[in-house]
Amino acid sequence: MANQLTQQIETFVDVTRSPTQQADSLKAIASALEKDLLSMNELVAELEMYLTTTDNVVRARGILLLAEILNFLKAKPLDNAIVHSLIGFFTEKMADWRVMRGALVGCLALIKRTDVAGVVTATDAEAVARSMIDNVQVQSLSLHERKLSFELLEGLLQQYSEAIMTLGKLLVYATCEAIDGEKDPPCLMVAFHIVELLAQLFPSPSGPVASAASDLFEIVSCYFPLHFTHTKGGGANISRDNLSRGLLLAFSSTPFFEPYAIPLLLEKLSSSLPVAKVDSLKCLKDCAIKYGVNRMKKHYKSLWSALKDAFYSSTGTHLSFGIESLTTAGFEMDEIHREAVNLLQTLVKEDISFLGLVVDDLSVNSVFNSISRYSQYKEMPDTSKLEVLVISQILSVSAKASVESCNIIFQTFFFRLMNSLGIVEKPSTGDLVHKENSTVSIRLYHGGLHLCIELLTASKDLILSSEECSSAPSCAQESWCSMVNRFSVSLIEVFTSAVRSLNDDCGADVYLGVKGLLTMGMFCGGSSPVSRSEFEKILTTLTSIITAKSVKTVVWELALKALVCIGSFINRYHESDKAMSYMGIVVENLVSLACSSHCGLPYPMILEATSEVCSTGPKYMEKMVQGFEEAFRSSLSDFYVNGNFKSIENCSQLLECLTNKLLPRVAEIDGLEKILVHFATSMWNQIESSGVFSYDFSSREFVEAAMKTMGQIVGVALVDSQNSIIQKAYNVVSSSTLPAMESIPLTFDAFEGLQNDLSTRDELILSLFASVIIAASPVASIPDVKSLIHLFLVSLLKGYIPAAQALGSIVNKLGSGSGGTNISSDCSLEEACDIIFHETLSGKIISSDDSGNILCGSETVLSKICLGFYGSLDLQTSAITGLAWIGKGLLMRGDRRVNEIALVLMECLKSTNCSGNALHPSAMRHAADAFCILMSDSEVCLNRKFHAVIRPLYKQRFFSLTAPILESLIMNSQTPLSRTMLHVALAHVISNVPVTVILDNTKKLHPMILEGLSVLSVDSVDKETLFSLLLVLSGTLTDIKGHQSASDNAHIIIECLVKLASYPHLMVVRETAIQCLVALLELPHGRIYPFRRQVLQAITKALDDPKRRVREEAVRCRQAWLAR
């Protein structure tokens, strides 16, 4: 052990060893100490000659080794005597500048020992501080040593403040000397904190900080405003915000800085640098709180003048009257403006007397004398606009500071505002009084309206700033509240008049009127100056706008936004009385319109308004869903009895609204799932009671909307709810004419007779039932699975895609009996596949020999139809599509039967298949697209949203199986059509497999991808598939893993991309091809230079492309190739 320890010490001390070797030896020694395999005394004894040698380098390394070991042992208990001895040793070594780093590290490691046995005593800590003051010239040290020095001083001030307090002025002046001239961000972060700690240690007016405040502030102030340019090196982890915050805390750390700090900050407020203004405002806010009112009072006039300037310089003259501004100030606020707001509010909160400067200011009062000069905001000159916006902000911020400030602002200005709006008059006595029965002024003054709304908003926000609305009932007794209450009726009348002043115009009158009503409607509970009857009048006015407009105007959108805001406010603050009014006036009114068949408003507008309003609370949602149930019932009944196609269109829009607005919020709102399940059950009840439809409809919009709604409800429902929906749906199916299809035998003769379409009602029932099965959980219970499989199989052969998707979902989720999840107890996966294929696919139905040729054995009925042995073309294409969806379900769960399905589909793509004939081009196209079904992610079924069973890496396994066979078939194909379809199939497989698989096989895939791009570029039908394959090529060119293969095939790639750069059928193909040409510049120069002229010629043509995006990419590409 001794020899090993000596070797480890030698390794660390030897400066010729690598840093890694030195670190490893340090860890090994520390680990031995940690595990008590080595004692501290033994280590010190072994280190003695290294600690005392006259060789400066060895001595420095030895002391540093001991110090670093203590860093590792900060949590390990040590004997007090050992700690005393060690701290004394390191304290003494501070006098030796050659070993300064080790001494600092050792002292810091021991000072940080606070929660373990063996800590530094107060006496020893004082000795460390004295030694540091006497011996350490911080600014003469290296960066790392300076940081250690600051951290040591910080640790002493934090852990041993009482011990070093006796150093007094000596400590303060040593700190000044240490900080003076420091420029490194990490060091400054600690230095600023040291100033803050010193201020806390010596708070007395006769203390050393007070006497040295001028010198200390002079050193710190030279860093303000902070000019931060460090982006690399030691300051990389220090942000400007953090460093600036540290400096601001140092500024505000002691009131003794006030005579120096406030004038400096006020001076910097006039700087042209925005960052200086922001930092000054932030620091003034902190100083106002920490310096105290008595010290700040002398600066109030200067502060108010500077604040006004900050407001005027940071406020624009553009006041937005758009919907997005309804709940904001209406103009953009930069950081200077926000910090000015914070400072003003802080000053008013700290001392209400500061508000006297605001209310007595001439510029503030002059605004109230001039706001009636212009009725329209757009008529006002920019100077007047700026004054209105700035003064409204100043008064609003001041009013929000406290109840007292709100009272003063309202008492000073509110009557004058009412007078400008024509609500009060000035009699001979000179006093302003309320005109009880007067009508409001005909002319509306935008300046006055804006100021009024800002003050009302401030008082509203003041109430809401309380932790609980109910905890502030005393606000109702405040003078501001009494004044608003006194004029609330007239104010609502003014705002209502503004709303109705311009019919369908998007002017300022309408905006300000709606915003005023919104503000009046959002006063909180018992503190509200607006009575319930007045609140209901506001709701009635806004609702009447919604129900009276036949087109979506700006005022309609503003009113809807206001109602949504009020509803959200009621729900958030649990305003039970207002909730009742909102339900009766807004919700029930809109829901009744949605249920009405004789409403003159466009139905989409009704649904939008109803869904937006009702989404603000669970009770409203419940009411809406109930209303939608009634609306669905009446509209569907109106269609099947009277043939009213408008009603069925309304049903589609209603279901779409339900799906898009409510279903995404199921997880947010308790009880919504049950409401939606009830709606789904009601849909089945209505369809069940409808009987035979008297009229048919050719549009599938309603069926698709109903399927989407039903599927998503089942998808989000709990298993018990799913079971109830499934049982109800099964009962409706059983009572329809659909079960008669079960008697159709699965023979070719029977299949030939399957061309008759289902009735409208049966198609709706089948599609809805399929959507239920698609979305069901694997643990849901599905009755009579065997009969349902037969029903879906016959339906898919009639061309109903939802039936095929339902079959795919069944085979995906159906348990195999052991280890799988069971959605049914009366049918296993083997039995289901036996029904579907008539003969199970587990035998050798179709296989592949070593040459890649597909051989035919005893095919199933379904495979014979796909291969064209029997049946019409429609029957053949339906069978191919159905087989693809069934295969997708098996593929995703990892079932090997999908291999045989894939081979059947590939057989369909051959120029001459095992039937002896080539398939019809349409059938071959369906077979090629079947690979897209198999590999792509589906939104309508077999996804996580609908609880599909998904085995990891299933796409990779399918790619490994099919890609080599497709490649072999392409090489052996004998007709252009077969070759094209095989390339389409391979493109679907390649473009849907994870990109990592492609990158691992670029050498094999690049030739096939390039050939595929060439083949698919011939026909515009394949443009989307071409684009998908091009994206795969793009991915290989932009990743380093694909560069070698790209380099080997550079000439073919460039030739292909040059051709695609002028592809006429899809703009994104041209754009991506040009981007790929840029990516090729990452390849070795020698591989691409020979093709430079060819590329530049093609790009020159692309510069005249009709699409701007292509031209822009062409410019970039041309510049890049010319530069290369």
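Once C-alpha pairs closer than 8 Å and six or more residues apart are averaged by separation and normalised to the residue number of segment 994-1124, the relative contact order reads 21 percent. Evaluating 6.51 cos²θ - 1.76 cosθ + 1.60 at θ = phi - 60° for every residue in segment 983-997, the Karplus couplings come out as 5, 4, 4, 5, 4, 5, 5, 5, 6, 10, 8, x, 5, 4, 5 Hz, glycine and proline recorded as x.
Tell me the net charge near Val984. Cut-off is 9 Å between Cβ atoms, Val984 excluded, with +1 for each Lys or Arg and -1 for each Asp or Glu.
Taking every other residue near Val984 into account, the sum is -1.
With the charge dipole of the chain set up from +1 on Lys and Arg Cβ and -1 on Asp and Glu Cβ about the Cα centre, the Cα lying farthest toward the positive end among the listed residues Ala122, Thr912, Ile774 is that of Thr912. For segment 1-167, with all protein chains in place and a probe radius of 1.4 Å, 51% of the accessible heavy-atom surface sits on carbon or sulfur.
Give me the extension gain from Ser272 to Val116: residue separation times 0.36 nm, minus the current Cα-Cα distance, reported in nm with one decimal. Don't skip to the answer; put the middle values down first.
Working: separation 156, 0.36 × 156 = 56.16 nm, distance 5.33 nm.
Extra length from Ser272 to Val116 when fully extended: 50.8 nm.
Here the simple spin-label model places points 7 Å from the Cα toward Cβ, and for Ser353 and Asp334 these points are separated by 3.5 nm.
Ordering 76-85, 313-322, 127-136 by mean Cβ neighbour count within 10 Å, with the highest value first, yields 127-136, 313-322, 76-85.
The modelled label-to-label distance for the pair Asp670/Thr553, using points 7 Å beyond Cα in the direction of Cβ, is 4.3 nm. The residue list Ile566, Val1021, Tyr300 was ranked by how far each Cα lies along the charge dipole of the chain toward its positive end, using unit charges on Cβ atoms, and Val1021 comes out on top. Helix 100-111 and the long axis of the chain differ in direction by around 80°, with both axes built from C-alpha atoms.
Think of each Lys and Arg Cβ as +1 and each Asp and Glu Cβ as -1; about the Cα centre, that makes the dipole of the chain roughly 1800 debye.
Axis angle, to the nearest 10 degrees, between helix 300-314 and the longest C-alpha principal axis of the chain: 30 degrees.
Once C-alpha pairs closer than 8 Å and six or more residues apart are averaged by separation and normalised to the residue number of the chain, the relative contact order reads 4 percent.
Subtracting the Cα-Cα distance from 0.36 nm times the residue separation, let me have the gained length for Glu493 to Glu588 in nm, one decimal.
Values: separation 95, 0.36 × 95 = 34.20 nm, distance 2.47 nm.
Value of the extension gain: 31.7 nm.
Expressed as an acute angle from 0 to 90° and rounded to the nearest 10, what is the orientation of the C-alpha long axis of helix 645-657 relative to the principal long axis of the chain? For 645-657 against the chain, the angle is about 40 degrees.
Please report, as a whole percent, how much of the solvent-accessible surface of segment 994-1124 comes from carbon and sulfur atoms (probe radius 1.4 Å). Provide the component values of the computation, followed by the final result.
On the way: 3440 of 6520 Å².
Carbon with sulfur: 53 percent of the solvent-accessible area.
Taking a straight Cα-Cα cut-off under 23 Å and skipping sequence neighbours fewer than 8 places away in the same chain, the lysines within cross-link reach of Lys183 are Lys147, Lys232, Lys268, Lys277, Lys282. Determine which lysines satisfy two conditions relative to Lys1101: a Cα distance under 22 Å, and not lying fewer than 8 residues away in the same chain. Reachable lysines: Lys1023, Lys1059. Each Lys or Arg adds one and each Asp or Glu takes one away; over the other residues whose Cβ falls under 14 Å from the Cβ of Gln393, this sums to -4. Extent along the principal axes, Cα only, for segment 1018-1124: 35, 26, 19 Å, with the longest axis given first. Expressed as a whole percent, the proportion of Cα-Cα pairs in the chain lying more than 49 Å apart is 58%.
Provide the convex hull volume over Cα atoms per residue for segment 536-590, in Å³.
On the way: hull volume 3.4 nm³, N = 55.
Convex hull volume per residue, Cα atoms: 61 Å³.
If the only charges are +1 at each Lys and Arg Cβ and -1 at each Asp and Glu Cβ, what is the size of the charge dipole of segment 1-167 around the Cα centre, to the nearest 20 debye?
On the way: 15 positive and 21 negative charges, 78 e Å.
Computed charge dipole of segment 1-167: roughly 380 debye.
Here the contact order of segment 1-167, divided by its residue count and restricted to Cα pairs under 8 Å and six or more residues apart, works out to 18 percent. Nearest 0.05, what FRET efficiency do Ala28 and Asn943 give at R0 = 51 Å with Cβ-Cβ as r? Using R0 = 51 Å, I get an efficiency of 0.40.
Counting every C-alpha pair in segment 1-167, the share spaced more than 27 angstrom apart comes to 22%. Using the Stokes-Einstein relation with a Kirkwood hydrodynamic radius computed over Cα pairs, the translational diffusion coefficient of segment 607-706 at 10 °C and a viscosity of 1.306 mPa s comes to 114 µm²/s.
What is the sum of charges around Val949, taking Lys and Arg as +1, Asp and Glu as -1, for the other residues whose C-beta is under 9 Å from the C-beta of Val949?
Details: positive: Lys813, Arg893, Arg951; negative: none.
Once positives and negatives cancel, what remains is +3.
Take the Cβ atoms of Arg532 and Glu404, set R0 to 25 Å, and the FRET efficiency comes out at 0.30.
Compare the peptides 1100-1108, 278-286, 253-261, 1012-1020 by average per-residue count of other Cβ atoms within 10 angstrom and give them in order, highest first.
278-286, 253-261, 1012-1020, 1100-1108
If you plug the beta carbon distance of Ser302 and His227 into 1/(1 + (r/R0)^6) with R0 = 30 Å, you get a FRET efficiency near 0.75.
Per the helix-only calculation at 222 nm, which mean residue ellipticity applies to the chain, given -39500 (n - 2.57) for every DSSP H run of n ≥ 4 and division by its residues, nearest 500 deg cm²/dmol? It would help to have the intermediate numbers written out before the result.
Values: 56 runs with 737 residues, N = 1124.
Result for the chain: -21000 deg cm²/dmol, rounded to the nearest 500.
For segment 1013-1062, the fraction of C-alpha pairs farther apart than 12 angstrom is 66 percent.
Please work out whether segment 861-965 counts as rounded, prolate or oblate from its C-alpha gyration tensor, where a ≥ b ≥ c are the square roots of the eigenvalues and a/c under 1.5 means rounded, while otherwise a/b larger than b/c means prolate and anything else oblate?
Details: a/c = 2.33, a/b = 1.69, b/c = 1.38.
It comes out prolate by the Cα gyration axes.
Quick one: length gained pulling Asn80 to Ser922 fully straight, 0.36 nm per residue minus the C-alpha distance?
Working: separation 842, 0.36 × 842 = 303.12 nm, distance 9.09 nm.
Result for the pair: 294.0 nm of gain on full extension.
Of all aspartates and glutamates in the structure, the ones whose alpha carbon falls short of 15 Å from that of Lys798, not counting any fewer than 8 places away in one chain, are Glu742, Asp749, Glu752, Asp757, Asp762, Glu763, Asp874. The label-point distance for Asn485 and Arg951, in a model that sets each label 7 Å from Cα toward Cβ, rounds to 7.4 nm.
When the charge dipole of the chain is built from unit charges on Cβ atoms (+1 for Lys and Arg, -1 for Asp and Glu) and taken about the Cα centre, the candidate among Leu788, Ser149, Val358 whose Cα reaches farthest toward its positive end is Val358.
The values are calculated or read from the model by the stated rules, or taken from the named source; none is laboratory data. Here the structure is a predicted model, which means the values were calculated and not measured. All Cβ positions, glycine included, derive from the backbone under ideal geometry; neighbour counts span all protein chains shown. Side chains included, ligands, DNA and RNA excluded: accessible areas come from the protein's heavy atoms. Shrake-Rupley method; radii C 1.70, N 1.55, O 1.52, S 1.80 Å.
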